[in-house]
Amino acid sequence: MSKQEPVGKNLRIERTFPEDLQSHYVSNIVVQHDPDVFILSFFELWPPTILAESEEEKTKALMALEHVDAKCVARLVVTPSKMKEFIAVIQENFKSYEQFLQTLGKEK
């Protein structure tokens with residue numbers, strides 16, 4: 001019996017965005033890991049609305065708060081190899097962003 005070479009074909013990936021896809025402002029990120037996966041949780045956190053007549057009332061209302069809710073708007077579970085790829089892509093993109101800012105004469 002002869003060994004057959006695996007048959008393969010490179011296919012182009014066409015990325016699509018569903019019409020109902022929502023974008024969120026992520027202000028808090030939690031990264032966890034197990035031996036086989038990384039779990040990235042993205043949270044939207046907004047400061048509480050405090051309405052008061054005086055600064056003293058605002059301070060009192062603020063001091064009465066015990067927590068601020070952070071809503072998880074997305075969670076990604078990736079393998080360690082994809083996480084390594086993700087980190088490399090983010091680093092390269094951020095480097096490009098910083099170079100772009102330099103061309104505009106802005107500080108980092």
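The values are calculated or read from the model by the stated rules, or taken from the named source; none is laboratory data. Since the model is a prediction, treat every value here as computed from it, not as a measurement. For neighbour counting, all protein chains shown are included, and Cβ atoms are generated from backbone atoms with ideal geometry for every residue, glycine included.
Points worth noting:
- Residue satisfying condition, being of a type in the set (Asp, Glu) and within 18 Å of Pro80 (Cβ to Cβ), within set Asp36, Asp20: Asp36
- Residues within the stretch 51-108 that are among the small types (Gly, Ala, Ser), part of a helix (DSSP H, G or I) and at pLDDT 95 or above, tallied: 3
- Residue list for the stretch 36-50, filter: among the β-branched types (Val, Ile, Thr), outside any strand (DSSP E or B) and modelled with pLDDT of 95 or more: Val37
- Yes/no for Ile29 being part of a helix (DSSP H, G or I) and out of contact with any Ser or Thr (no Cβ under 6 Å at 6 or more places or on another chain): no
- Conditions (1) closer than 21 Å to Tyr25 by Cα; (2) touching a residue at least 12 places away in the same chain (Cβ under 8 Å); (3) surrounded by 12 or more Cβ atoms within 10 Å (Cβ to Cβ); number of the one not met by Asp69: (3)
- Sub-9 Å Cβ pairs linking a first residue in the stretch 36-51 that is touching a residue at least 24 places away in the same chain (Cβ under 8 Å) and at positive phi to a second residue that is aromatic (Phe, Trp, Tyr) and not in a loop (DSSP other than H, G, I, E, B), at least 6 apart or interchain, number zero.
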